[in-house]
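The values are calculated or read from the model by the stated rules, or taken from the named source; none is laboratory data. This is a predicted model, so every value here is computed, not measured. We place every Cβ from the backbone using ideal geometry, glycine too, and count neighbours over all the protein chains shown. Keep in mind that these areas ignore ligands, DNA and RNA; they rest on the heavy atoms of the full protein, side chains included. Shrake-Rupley method; radii C 1.70, N 1.55, O 1.52, S 1.80 Å.
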Amino acid sequence: MTDTPGHGSNRWKRFDDWDDRPLRRDQFAVEDPENGFAAFDGAADPRPGLTFADGRVASMDGVAAEDFDLIDAFIATYHIDPDIAAEAMAIPSSQLARMLVDMNVPRTDLTRLARGLTPARLAETVAQLNAMEIAFAYSKMRARRTPGNQAHVTNAKDDPLQLAADAAIAVALGFDEIETTMRVAQNSWSNALACCVGAAVGRGDTLFQCSSEEAEELEIGMSGFTSYAETVSVYGTESAFVDGDDTPWSKAWLTAAYASRGIKMRCTSGAAAELLMGFHEAKSLLYLEARCLCLQRGMGAQGTQNGGIDGAPLAASIPGGVREILAENLLAVWLDLECASGNDARHSESEMRVAAKVLPFLIGGSDLICSGFGSILKYDNSFNPSSFNGEELEEFLVLQRDFEADGGLTAIGGDAALDLRRRAIDALSHVLRDLGLAQASDAMKRSVAVASGSNETDSFSPRDVAVISTRIREAGISVLDVIRSLHRGGFVPEAENLLSLVKLRVSGDYLQTSAIIRDGRVLSAVNDPNNYTGPGSGYRLTEHRRRELAQIRGVLDRDEVLRAEAASEIREARAIRYRTMGPATAGTDPQEIVVGISPAFGTRIFRTLAGHPLSAVLRALRAGIEQGGGRMRIVRLLHTADTSFLGLSAARLSGSGVGIGIQSKGTAVIHRADRLPHNNLELFSNAPITGLDHYRAMGVNATVYARGALPEPVVVPATGDALGARFHARVALTYAIETSMTEDDAAPETVEITFLEDRA
């Protein structure tokens, strides 16, 4: 006997299959606390502790005040509330952990206690929760009741026309915030103006950020183009701060500078930043992030962007890293900070890992579920690919629908999308021309309007954009100039939307914790606090919102099935004629194979799930039966649409005692009169992949069974595709049409068929 090639391998070939999976492109790291690779238990993590002397912190987490580094000193001075600390630190971590998941303990009690807890005590507490408990506690502790989402709007060319069009789309999809950045740093002013205009198309409720060098970003904000910022980065070790030429005090000053100009402000921190920078001090990701978050609360920032962020891929490479990311988000909301909960930098090549990571936040809600959902294609995402990008946007919409969970987004139709894109492009083109910045041609505008990404556009080059950006900055153009220009150009709704946002900024209303704008009204932790206290409380979908979530593309109903079949009916009318010949009786011909067709076969349904015309299926069956020396007789069965009973009923009418039952969707059986209903001879259940050759072979085999012999069963090779997901909705609707046509005790009818093509 000759060995089959490959059978001599010394490796189980399943590993080859696993090697081909996207997961294998992820890299994983060994847990190594001494070198900072520890999610929860760092080699140098301190034990919690807090003492006071003369009303001041004398020691914190095992460090005496005289030995404090910059971070300790800032936290001891500005985060620790001496009036609460003794009470809070006296509560064991295990009890605090249980309080976090106890729906009877109000959120406000816990946020009050957090003001008296040290970083080590905070980290020690949440570390005791498993992933499910952390997710539940996060849902309970987040600041604002109504969830929201944030988008990235960028492109590889920094093309302003595309930015405006994509910003308008992001707004229409429901993003509460949009953020841009540049491939070329000097293009920041152009990007800011383009997104500012685009975000005013359709509605004026979306906050906007231009992520740039900190001083320039503040300058752009002071010109009125942007309405929020989140680029003030905070670190958990002193060395990391010093490496960036910063201190907690300089970051606090910058945070205050933004807020003083009416710009919504939050800081950024996330697991593994210190590890990436080489300044981890052998401390765990969670402990260092607890320090970061205590700093941010002490700085007076209303919120944080955390949850790994740029360090998420590294955190996720460590055992427990994704649980740690969840845990640090919980720390953020426990400290009463608005939380843009990461799900930003894509942490894995595995779509399964990506979906699993976002699920707790989608189900439980978050102030901003993604701190950067790539509303554009991956290659256009100048922040690097996000967990979700334009390619996966519809999948996110379906996840919302699946779980009836509000991820902040709403589907948009094709015509509406194109209208919005054209409007945004026209509005920006007018502003560019009106302010003497650039001239966009009709060809440029047309290319951008329909393009999915920048590879398909013929628009401004990066050099053109640099010129536009420089002109904006040098001319001192502000958002008021843009509003006036939009109004002059007839883009009055856009001018009013932008002005409305500027007015809210002047009032300072969206500086409230967790503020977003919905329908022109600020929604925040002040007027929309998360009040979850168990079932029936907290955020619940309204019926209107539930219907919105259900409206995605490709939804099938009975009418759609029948509409699609109506088109096939015309073609089938040219291919086959069915003629009812009266009641069917039992045959006597031992060569006879009765084919029992379902009620809707050729009357309401005209194609199988595989798309084969039913005339072609009958032609294939007849050819197979005749090839086997048999004779086909057609009987329509009206008392049932079940495949097994179709086959058994056909067999009992057949002179040979063997029959074939077939539904209009193509599912078929070979049956014999003496068998139990569901004990057929051969079943062809995978109609979507059953070909005409299979039906022909089915006919042949039926004649073999009729002779009392045993044929080689017909095998329809499966492909491993999710056939249920592709076809089950149509299957159920088609079967419902079939069953609605059945009638109890209805007699079978003999049907004469004529293949019209044979007569031509």
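Looking only at helices (runs of 4 or more DSSP H) that lie completely in the range 482-599, which have at least 3 residues being under 30 Å from residue 435 (Cβ atoms)?
Result: 492-507.
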* **Qualifying positions in the range 580-613 - over 43 Å from the mean Cα position of the chain (by Cα) and open to solvent by 10 Å² or more (accessible area, probe 1.4 Å)** => 580, 581, 582, 583, 584, 585, 586, 587, 588, 589, 590, 591
* To do: Would you please name the residue that is most open to solvent (accessible area, probe 1.4 Å), looking only at residues in the range 258-298 that are at positive phi and among the hydrophobic types (A, V, I, L, M, F, W, C)?
  => 282
* Would you say residue 609 is touching a residue at least 24 places away in the same chain (Cβ under 8 Å), farther than 25 Å from residue 655 by Cα and assigned to a loop (DSSP other than H, G, I, E, B)? -> yes
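Conditions (1) within 18 Å of residue 308 (Cα to Cα); (2) in the same structural domain as residue 517 (by the TED database); (3) in a helix (DSSP H, G or I); (4) of a type in the set (Phe, Trp, Tyr), marked per residue:
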{"site": "361", "(1), (2), (3), (4)": "yes, yes, yes, yes"}
{"site": "372", "(1), (2), (3), (4)": "yes, yes, no, no"}
{"site": "383", "(1), (2), (3), (4)": "yes, yes, no, yes"}
{"site": "396", "(1), (2), (3), (4)": "no, yes, yes, yes"}
{"site": "409", "(1), (2), (3), (4)": "no, yes, no, no"}
{"site": "430", "(1), (2), (3), (4)": "no, yes, yes, no"}
* Structure fact -> Here the residues within the range 641-661 that are part of a loop (DSSP other than H, G, I, E, B) and open to solvent by less than 20 Å² (accessible area, probe 1.4 Å) are 641, 654, 657
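Look at residue 87 and say whether it is part of a helix (DSSP H, G or I) and in contact (Cβ under 8 Å) with a residue 40 or more places away in the chain.
On the way: part of a helix (DSSP H, G or I): yes; in contact (Cβ under 8 Å) with a residue 40 or more places away in the chain: no.
Here the answer is no, as residue 87 does not meet what is asked.
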* Structure fact -> Filtering the range 435-477 down to residues that are within 15 Å of residue 160 (Cα to Cα) and acidic (Asp, Glu) yields 442, 456, 458, 464
* To do: Among residues belonging to the range 1-53 that are open to solvent by less than 60 Å² (accessible area, probe 1.4 Å) and assigned to a strand (DSSP E or B), point out the one that is farthest from residue 351 (Cα to Cα).
  => 53
* Filter pass, residue 675 being out of contact with any Cys (no Cβ under 7 Å at 6 or more places or on another chain), assigned to a loop (DSSP other than H, G, I, E, B), surrounded by fewer than 22 Cβ atoms within 10 Å (Cβ to Cβ) and in the same structural domain as residue 726 (by the TED database) -> yes
* For residue 729, state whether it is assigned by the TED database to the domain that holds residue 667, in a helix (DSSP H, G or I) and open to solvent by 40 Å² or more (accessible area, probe 1.4 Å). => yes
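Here are some residues: 226, 154, 231. Which one is over 20 Å from residue 504 (Cβ atoms) and in a loop (DSSP other than H, G, I, E, B)?
On the way: 226 fails: over 20 Å from residue 504 (Cβ atoms); 231 fails: in a loop (DSSP other than H, G, I, E, B).
Only one candidate qualifies: 154.
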* Taking into account only those residues within the range 183-221 that are aliphatic (A, V, I, L, M) and at pLDDT below 95, which is farthest from residue 428 (Cα to Cα)? -> 215
* **Whichever residue in the range 306-321 is assigned to a helix (DSSP H, G or I) and crowded, with 24+ Cβ neighbours inside 10 Å and, among such residues, is modelled with the lowest pLDDT** => 309
* Asked: When only residues in the range 66-103 that are hydroxyl-bearing (Ser, Thr, Tyr) and within 36 Å of the chain's Cα centre (by Cα) count, which is nearest to residue 238 (Cα to Cα)?
  -> 93
* Going by the structure shown, is residue 544 over 32 Å from the mean Cα position of the chain (by Cα) and without any contact (Cβ under 8 Å) to a residue 40 or more places away in the chain? -> no
* Count of residues meeting criterion [under 15 Å from residue 425 (Cα atoms) and either open to solvent by 40 Å² or more (accessible area, probe 1.4 Å) or among the β-branched types (Val, Ile, Thr) (or both)] in the range 466-491 -> 2
* Structure fact -> Across the range 617-631, the tally of residues that are under 28 Å from residue 718 (Cβ atoms) and buried (at least 18 other Cβ atoms within 10 Å of the Cβ) stands at 9
* Would you mind stating whether residue 262 is farther than 20 Å from residue 328 by Cβ, assigned to a loop (DSSP other than H, G, I, E, B) and not assigned by the TED database to the domain that holds residue 123? => yes
* Quick one: in the range 330-387, of everything that is of a type in the set (Lys, Arg) and at pLDDT 95 or above, which residue is nearest to residue 402 (Cα to Cα)? => 357
* To do: Specify the residue that is nearest to residue 622 (Cα to Cα); the eligible residues are those in the range 683-705 that are open to solvent by less than 30 Å² (accessible area, probe 1.4 Å) and touching a Pro at 6+ places or on another chain (Cβ under 8 Å).
  => 701
* Structure fact -> Among 153, 126, the single one that is buried (at least 24 other Cβ atoms within 10 Å of the Cβ), outside the structural domain of residue 180 (by the TED database) and β-branched (Val, Ile, Thr) is 126
* Answer yes if at least one residue in the range 714-721 is more than 17 Å from residue 592 (Cα to Cα), modelled with pLDDT of 95 or more and of a type in the set (S, T, N, Q), and no otherwise. => no
* Which one of these is farther than 30 Å from residue 751 by Cβ, aromatic (Phe, Trp, Tyr) and under 25 Å from the mean Cα position of the chain (by Cα): 532, 510? -> 532
* Filtered residues of the range 218-257 (kept if open to solvent by less than 20 Å² (accessible area, probe 1.4 Å), more than 29 Å from the chain's Cα centre (by Cα) and of a type outside the set (A, V, I, L, M, F, W, C)) -> 221, 224, 236, 237, 248, 251, 255
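Yes or no: the range 325-334 includes at least one residue that is assigned by the TED database to the domain that holds residue 391, open to solvent by 10 Å² or more (accessible area, probe 1.4 Å) and in a helix (DSSP H, G or I).
Here is the first cut: in the range 325-334, the residues assigned by the TED database to the domain that holds residue 391 are none.
Among the residues of the range 325-334, not one is assigned by the TED database to the domain that holds residue 391, open to solvent by 10 Å² or more (accessible area, probe 1.4 Å) and in a helix (DSSP H, G or I), which makes the answer no.
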* Asked: What pairs come up if the first residue lies in the range 358-373 and is farther than 13 Å from residue 138 by Cα, the second is surrounded by 24 or more Cβ atoms within 10 Å (Cβ to Cβ) and charged (D, E, K, R), and their beta carbons are under 7 Å apart, counting only those six or more places apart or on different chains?
  -> 370/344; 371/344; 372/179; 372/344
* Asked: Which of the residues that make up the range 62-110 are under 18 Å from residue 337 (Cα atoms), among the hydroxyl-bearing types (Ser, Thr, Tyr) and surrounded by fewer than 15 Cβ atoms within 10 Å (Cβ to Cβ)?
  -> 108
